[in-house]
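Below you'll find the structure, written out as structure tokens, and then a few comments.
The values are calculated or read from the model by the stated rules, or taken from the named source; none is laboratory data. The structure presented is a predicted model; accordingly, all values stated were derived computationally and were not measured. As a convention, Cβ positions derive from the backbone with ideal geometry for all residues, glycine included, and neighbour counts pool all protein chains shown.
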Amino acid sequence: MTSQSSKSAIVLQRKWSRFRYPESAIRYSIWLSVFVFLVYSVEYLDIPLERLLGMLGRLGETLANRYYPVDIEYIMDADYGEYVVETIQMAYLGALFGLLVTIPLGWFASINMTPSRYYVYPVARFITMVCRAVHEMIWAILFVSILGFGMLPGVLALTFFCTGFAGKLFAEEIEAIDMGPVEAIRATGGNLFQVMVFGVFPQVRVALTGIAIYTWDVAFRAATVVGFFGAGGMGWYLKRNIMQIETHRTAAILLSIIALVVISEVISAWARDRISKSQ
Amino acid sequence: MSSVQGQAHGFEFTVEKVLRLRLQNRLTSGVMYVLMALLVVWSVEVTIIEDTDWERMGSLGNVIESAGRFVGVDFALFPDLFEPALETFMIACLGTLLGVLICIPATWFGAHNITPFKPVTYPTGRLMMILSRSIHEIVWALFFVSALGLGALAGIFAIAVRSVGFIAKMSAEAIEDIDPGPIEAMRATGANGFQVLLYGILPQILPQVLGVIIFEWEINIRRSAILGFVGAGGLGLVFFRQMNTFNFHGVTSVIIAIFGIIIIGEVFSYFARKAVI
């Protein structure tokens with residue numbers, strides 16, 4: 001390769017470039033088409049580029065005038081505390097149910113351990129994909145329209161969301177295991193279930209715990225807003241205040257959400273750290 | 001379980017100790033399991049049993065009936081879905097681009113080995129990441145809609161701000177893990193801070209960061225599909241309209257359209273990530 005390029009350098013005196021002809025042209029055209037698409041979408045979406053800088057100023061103004069004196073007293077209310085507890089419960093149940101569904105689903109959706117590659121694997125993969133592709137808000141709206149207002153649709157929406165989220169991670173984790181123990185157990189005559197319990201599960205136990213903590217963290221973040229469409233929890237509070245244009249209270253609620261998410265993140269980081277150490 | 005106990009015979013001289021430790025472990029984990037079970041029971045009691053309006057929901061048949069309203073596809077709607085789908089796709093692309101631009105200062109401040117003035121800028125960078133990640137995209141969209149007015153621009157800003165957290169966090173971690181050799185070499189030849197950033201750090205993290213950006217772009221397609229709920233354009237607006245006019249088959253059509261663009265995004269991102277890494 002190097003001798004070739006030095007030869008051609010002598011003959012053509014060509015400038016050095018990292019990519020040679022066909023590849024360089026392909027790369028150039030890809031970048032160009034991405035750029036053209038972006039410019040076209042600015043045009044298509046009617047974005048007023050010349051007013052953009054002024055808008056940033058207005059953004060700051062809105063923030064300072066409308067949201068600034070945060071109404072802290074409003075969120076110190078016991079009533080609000082109840083909603084916070086509800087949100088935590090919803091996230092907990094959603095994550096728990098989602099994980100319970102995930103364990104068989106991840107098993108079926110991993111190409112190396114699935115009971116049947118032609119029937120079970122595609123179905124399980126499809127279920128995981130559907131749960132992942134549909135946003136948690138859409139789940140919430142669908143369940144609210146089916147079951148009515150309340151926390152049950154919220155829990156179900158979070159369950160589907162967590163199934164999609166954890167299912168993919170868990171299946172990937174199973175696909176990465178060492179097949180030695182699995183074959184050993186198969187050789188001694190273990191059935192499908194025994195292979196799973198004694199061959200696979202000990203290998204993914206720690207990873208599954210990590211996934212569980214992560215899922216809870218994500219579920220809590222989603223739980224703070226599923227109430228927005230009537231599924232209970234803090235989101236409902238948020239919606240009410242936004243609809244009433246009580247911006248100072250909204251700011252207070254947002255601050256409380258940020259604080260809670262940070263707390264949950266710190267706890268989950270600590271827990272994951274401990275698990276990876278105890279391994 | 002018997003196989004686990006069999007292993008303990010190798011440590012015969014400490015069998016008592018092992019057994020005692022094991023008992024202790026079992027006790028702690030037993031207490032934890034009981035606590036978790038109680039928590040589950042309490043949560044189920046409060047959220048599912050007390051809070052739900054079972055009478056309104058009616059029997060299982062009623063629930064199945066109301067879920068059955070969504071079965072069926074409104075094919076007449078599909079021609080009208082093309083434009084909003086394109087809009088959603090574009091919002092995701094532009095939002096990711098703007099997010100990457102906002103990421104640059106956030107990453108620079110939030111990586112503790114290159115942050116310019118540690119006591120001030122490091123917390124600032126971290127705060128930017130936390131703020132962006134802890135507020136849901138719907139809330140961001142509401143804020144931007146109230147500040148910038150209805151339309152795609154609010155959606156782009158919401159997507160951008162929301163994707164800062166993840167990209168900046170991963171990039172900052174990548175920067176913290178880089179090989180300091182080239183940077184020292186560059187410093188020794190007299191390169192200034194900007195040159196070090198451009199030629200010493202960026203080439204080392206670029207493949208990883210591009211992978212993260214593509215991954216986030218894929219998620220952003222999913223996100224931009226719902227921003228229309230709060231007035232930021234795209235497929236979400238159509239979804240909301242179908243829902244409010246009780247055209248449940250139309251809702252299914254919109255969900256299928258969302259699947260369509262997500263699959264397109266996933267195919268793109270698969271090839272793009274392959275090309276990058």
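Do you know which of the residues in region B:182-202 that are loosely packed, with under 10 Cβ neighbours inside 10 Å and not in a loop (DSSP other than H, G, I, E, B) is modelled with the highest pLDDT? Going through the qualifying residues, I end up with B:Ala188. Taking the criterion of being within 18 Å of B:Ile261 (Cβ to Cβ) and either more than 13 Å from every other protein chain (Cβ to nearest Cβ) or of a type in the set (D, E, K, R) (or both), the residues of region A:106-149 that qualify are A:Arg132, A:Glu136.
Within region A:74-96, the residues that satisfy the criterion of being touching a residue at least 24 places away in the same chain (Cβ under 8 Å) and more than 14 Å from chain B (Cβ to nearest Cβ) are A:Tyr74, A:Ile75, A:Tyr80.
Going through A:Leu152, A:Leu100 one at a time, which residue ends up being more than 8 Å from every other protein chain (Cβ to nearest Cβ) and assigned to a helix (DSSP H, G or I)? Write out each step before concluding.
Values: A:Leu152 fails: more than 8 Å from every other protein chain (Cβ to nearest Cβ).
Every option except A:Leu100 fails the conditions.
Rundown of residues vs (1) surrounded by 17 or more Cβ atoms within 10 Å (Cβ to Cβ); (2) part of a helix (DSSP H, G or I); (3) at pLDDT 85 or above, yes/no style:
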residue	(1), (2), (3)
A:Gly235	yes, yes, no
A:Ala259	no, yes, yes
A:Val266	no, yes, yes
A:Lys277	no, yes, no
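Take B:Ile201 and decide whether it is facing chain A (nearest Cβ under 10 Å) and not aromatic (Phe, Trp, Tyr). It would help to see each step written out before you state the result.
Values: facing chain A (nearest Cβ under 10 Å): no; not aromatic (Phe, Trp, Tyr): yes.
It is false that B:Ile201 is facing chain A (nearest Cβ under 10 Å) and not aromatic (Phe, Trp, Tyr).
Looking only at residues of region A:54-68 that are more than 10 Å from chain B (Cβ to nearest Cβ) and in a helix (DSSP H, G or I), we find that the one that is nearest to A:Gln244 (Cα to Cα) is A:Asn65. Regarding region B:218-227, can at least one residue be identified that is part of a loop (DSSP other than H, G, I, E, B) and buried (at least 19 other Cβ atoms within 10 Å of the Cβ)? There is at least one residue in region B:218-227 that is part of a loop (DSSP other than H, G, I, E, B) and buried (at least 19 other Cβ atoms within 10 Å of the Cβ).
Residues of region A:103-141 that are in a helix (DSSP H, G or I) and either without any contact (Cβ under 8 Å) to a residue 12 or more places away in the chain or not assigned by TED's automatic domain parsing to the domain that holds A:Val197 (or both): A:Pro104, A:Pro122, A:Phe126, A:Ile138. Applying the set (1) under 30 Å from A:Arg240 (Cα atoms); (2) more than 10 Å from every other protein chain (Cβ to nearest Cβ) to B:Lys274 leaves exactly one unmet item: (1).
Would a scan of region B:52-69 turn up a residue that is over 19 Å from B:Arg241 (Cβ atoms) and buried (at least 18 other Cβ atoms within 10 Å of the Cβ)? Walk me through how you get there before you give the answer.
Let us first name the residues in region B:52-69 that are over 19 Å from B:Arg241 (Cβ atoms), namely B:52-68.
Pick out the ones that are also buried (at least 18 other Cβ atoms within 10 Å of the Cβ) and you get B:52.
Taking every residue of region B:52-69 in turn, at least one turns out to be over 19 Å from B:Arg241 (Cβ atoms) and buried (at least 18 other Cβ atoms within 10 Å of the Cβ).
Considering only region A:216-252, state which residues are at positive phi and in contact (Cβ under 8 Å) with a residue 40 or more places away in the chain. Passing the criteria: A:Gly230, A:Gly232, A:Gly233.
Every condition in (1) touching an Asp or Glu at 6+ places or on another chain (Cβ under 9 Å); (2) within 9 Å of another protein chain (Cβ to nearest Cβ) holds for A:Ala157 except the one numbered (2). Number of residues in region B:110-133 that are under 20 Å from B:Asp177 (Cβ atoms) and within 22 Å of the chain's Cα centre (by Cα) equals 5. Within the option set B:Phe268, B:Phe259, being facing chain A (nearest Cβ under 9 Å) and either over 23 Å from B:Leu153 (Cα atoms) or at pLDDT below 85 (or both) holds for one residue only, B:Phe259. In region B:136-146 there is at least one residue matching the filter, namely being touching a helix residue (DSSP H, G or I) at 6+ places or on another chain (Cβ under 9 Å), crowded, with 23+ Cβ neighbours inside 10 Å, within 17 Å of A:Met55 (Cα to Cα) and not aromatic (Phe, Trp, Tyr).
So that you can scan it fast, the table gives a plain yes or no per residue for (1) touching a Leu at 6+ places or on another chain (Cβ under 6 Å); (2) in a loop (DSSP other than H, G, I, E, B); (3) at pLDDT below 75:
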{"site": "B:Thr14", "(1), (2), (3)": "no, no, yes"}
{"site": "B:Val18", "(1), (2), (3)": "no, no, no"}
{"site": "B:Val40", "(1), (2), (3)": "no, no, no"}
{"site": "B:Ser43", "(1), (2), (3)": "yes, no, no"}
{"site": "B:Ala67", "(1), (2), (3)": "no, no, no"}
{"site": "B:Ala76", "(1), (2), (3)": "no, no, no"}
{"site": "B:Leu81", "(1), (2), (3)": "no, no, no"}
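Of the set (1) surrounded by 14 or more Cβ atoms within 10 Å (Cβ to Cβ); (2) in contact (Cβ under 8 Å) with a residue 24 or more places away in the chain, all apply to B:Phe239 but (2). Number of residues in region B:132-181 that are assigned to a helix (DSSP H, G or I) and closer than 24 Å to B:Ile226 by Cα equals 32.
Going through (1) more than 13 Å from every other protein chain (Cβ to nearest Cβ); (2) surrounded by 18 or more Cβ atoms within 10 Å (Cβ to Cβ); (3) without any contact (Cβ under 8 Å) to a residue 24 or more places away in the chain one by one, B:Ser43 falls short only on (1).
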